[in-house]
Amino acid sequence: MQAVIAIGFAAFIFNTSEFVPVGLLSLIAEDLGITEARVGLLMSVYACVVALSSLPLMLMCSRFDLRRLLLCVVALFIVSHVGSTLAVDYWTLMISRIGVACAHALFWSIATPMAVRAAPSGKESLAISFVIVGTSIALLAGLPIGRMIGLLFGWRMSFLVIGVIAFLVLLVLGKTLPKMPSGGAVSLRTLPTILKMPQLLGIYVITMCLVTAHFIAYSYIEPFLAQSAHLSQNTITITLVIFGAMGILGGFLFSKFHDGHENSFLNFALFGVCVSLLALRISSIFAWSVIAVCVLWGLCIIMFGLAFQARILKLVPVGTAIAMSIFSGIYNVGIGSGAALGGLITERIGVESVGYFGAVLSFAVWVYYRGWFVRDSTLAKNEESQLN
């Protein structure tokens, strides 16, 4: 399990980098003399690059030994963070973030399949949980610590610290990862078979829409908590820590209960996100109530990600990297769309309204999921064997 834990460390640092601009939004905007919505565009561009490059990069690199590929990806990640640290204006920061996005695109195409392959027999669900717990710890510790470093020493120092930690992670990966042959090149000819699977297409549609709904609000959670809930900077940091901590609980619940209760697990996750977003503005009247909503929200969004990744691995045992690269790309389309829509809502209506818009979309997703699951569940067993 050492290799699995090492990949979990890598997931931690990659997701810390992806989400740390959420906690630094106001600092970057003030320092560069731009609006918060324009800083939010960094997340949209980042997500668009990941969405557009995930599949092409995976096809280009499909012959490479996965261990070597992962080490190269982390090296690119480190170099790009040095660029972010040295950025002198908005556009140089944007270029460096595009470099990070390219590394991200490859990492999330191979990370979960690598963890499953490295895990002992019968521990596959636990391996997925380790990777997602790395993501959760990024929200729990990485994002708030990155924010605190930014508040104390400036946002550039946050990116530098991420780069230094990534270098240490690179050393750990180099020592613990075994050689892992790719299994041969992957061809575009695999795509038609994958895209004919109704269950998989349903997963992709739900993922894009729910992630969009989530990031309409989450991209601007820092200014929302400051301006609408009137929380202090320290309380905002604590709230973000609590939000991330729910990911660890979600990973535990997944490893214990998901396998026998897939439908109930996903129903709870999707409906919970909807309820949380709907209650966000109302709950901001009191500090304790908005924090309680963030607890439910953080738990449900992690449960959703875990359940759908597990479903993809089950549906596509052959060509998994392609299916996961599409999932990663679609997930980031949702991130980019959500950040962009959240920016428009923030500028034209007000940051206090982002939860309502996210709730409407997430409710539609939940309704679609219930109908889609009931309609197509009889096809699932056949689909699981299509690519065997």
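The values are calculated or read from the model by the stated rules, or taken from the named source; none is laboratory data. Note that the structure is predicted; figures quoted are calculated from it, not measured. Backbone-built Cβ (ideal geometry, glycine too); neighbour counts: all protein chains shown. Each accessible area value is taken on the protein alone, full model and side chains, heavy atoms only, with ligands, DNA and RNA left out. Shrake-Rupley method; radii C 1.70, N 1.55, O 1.52, S 1.80 Å.
Basic side chains Lys and Arg get +1 at the Cβ, acidic Asp and Glu get -1 at the Cβ, and with that the dipole of the chain about its Cα centre reaches some 880 debye.
Of 360, 169, the residue with the largest accessible area leads and the full order is 360, 169 (1.4 Å probe). Computed over protein heavy atoms with a 1.4 angstrom probe, the accessible surface ordering of 300, 209, largest first, is 209, 300.
For the chain, the equivalent ellipsoid derived from the alpha-carbon gyration tensor has semi-axes of 30, 26, 18 Å in decreasing order. For the options 283, 219, 362, a Gaussian network treatment of the chain with springs between C-alpha atoms closer than 10 Å singles out 283 as fluctuating the most. Where is the GNM fluctuation largest for the chain (alpha-carbon springs, 10 angstrom cutoff): 27, 195, 270? Looking only at 27, 195, 270, the largest GNM fluctuation is found for 195.
Using only the heavy atoms of the protein chains and a 1.4 Å probe, how would 221, 98 rank by accessible area, largest first?
98, 221
With just the Cα atoms defining each centre, how far is the range 326-353 from the range 146-184? Give it in Å. Using only Cα atoms, the two centres lie 26 Å from each other.
Highest mobility in the GNM of the chain, judged by mean-square fluctuation with C-alpha springs under 10 Å and restricted to 262, 222, 352, is found for 262. In the neighborhood of residue 27, defined by Cβ-to-Cβ distances under 13 Å, what is the net charge if each Lys or Arg adds +1 and each Asp or Glu adds -1? Charge balance in the 13 Å sphere: -2.
Ligands, DNA and RNA left out, the accessible area of the range 187-324 computed with a 1.4 Å probe is 71% carbon and sulfur. Between the listed residues 45, 212, 251, the Cα displaced farthest toward the positive end of the dipole of the chain, a dipole computed from Cβ unit charges relative to the Cα centre, is found at 251.
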